Amino acid sequence: MAHFRILEEVRTGQAGDWQLCFHFGVYEYDPDQNTDVPSQEGYRFIWRRPNGQLQGARGQARLEPRLITMLLGKAAEAGWYPDPPVRQGRPGAHNPRATHRSLTVYTEGQTSEHAGAGGMFQIVEVRENDREIDRPVDHGIHFSDVAEVERYLAQEVFPGDEIDVTLEDS
């Protein structure tokens with residue numbers, strides 16, 4: 001089995017509707033699998049539910065050619081298709097070309113408390129320069145401190161960028 005880490009994303013449709021997504025990212029393989037490499041970069045199509053969660057269905061899905069063409073065009077405009085983006089360094093490593101991001105992360109701890117994870121919190125919203133970011137964030141992860149949030153955002157949401165986070169209660 002493999003975990004897919006999203007590095008780039010384009011979508012069809014509007015938030016609140018089913019959206020077809022095209023991703024560029026890293027397939028990270030389980031250590032117990034007999035693979036020649038621990039990870040590989042690649043592309044995938046996947047559906048996003050109206051609630052914003054990815055539809056992790058296994059098997060095949062029918063995709064309309066016009067949607068595929070539209071997504072490939074959006075990815076090409078964004079500069080990461082057909083040639084994959086060039087990654088400068090690895091996430092978390094100092095990179096002089098990295099974008100420095102100062103983010104405000106709004107959190108809530110009530111859900112964590114109800115789940116038996118007292119003292120932890122979840123991300124409600126991430127803002128940069130007083131604007132909500134347009135990248136997917138997993139709102140289901142429970143964090144214990146700002147360093148965990150910074151690591152998550154630097155690895156999963158803004159790969160290769162340098163991240164500073166200010167936490168705010170929502």
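Here are the numbers:
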{"quantity": "Burial ordering of E9, E156, E168, fewest other beta-carbon atoms within 10 Å first", "calculated": "E168, E156, E9"}
{"quantity": "Relative contact order, percent, segment 2-78 [alpha-carbon distance under 8 Å, six or more residues apart]", "calculated": "30"}
{"quantity": "Amide hydrogen neighbours beyond the local backbone of G160, cut-off 5 Å, H modeled", "calculated": "G92"}
{"quantity": "Mean Cα-pair separation over length for the chain, i.e. relative contact order, pairs under 8 Å, 6 or more apart, %", "calculated": "20"}
{"quantity": "P(r) weight above 18 Å for segment 100-169, C-alpha pairs, percent", "calculated": "31"}
{"quantity": "Cα gyration tensor shape of the chain, rounded if a/c is under 1.5, else prolate or oblate by comparing a/b with b/c", "calculated": "rounded"}
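Values in this text are rule-based calculations from the coordinates and carry no lab data. Remember, predicted model here, so these are calculated numbers, not experimental data. Note: ideal-geometry Cβ built from the backbone for every residue, glycine included; neighbour counts use all protein chains shown.
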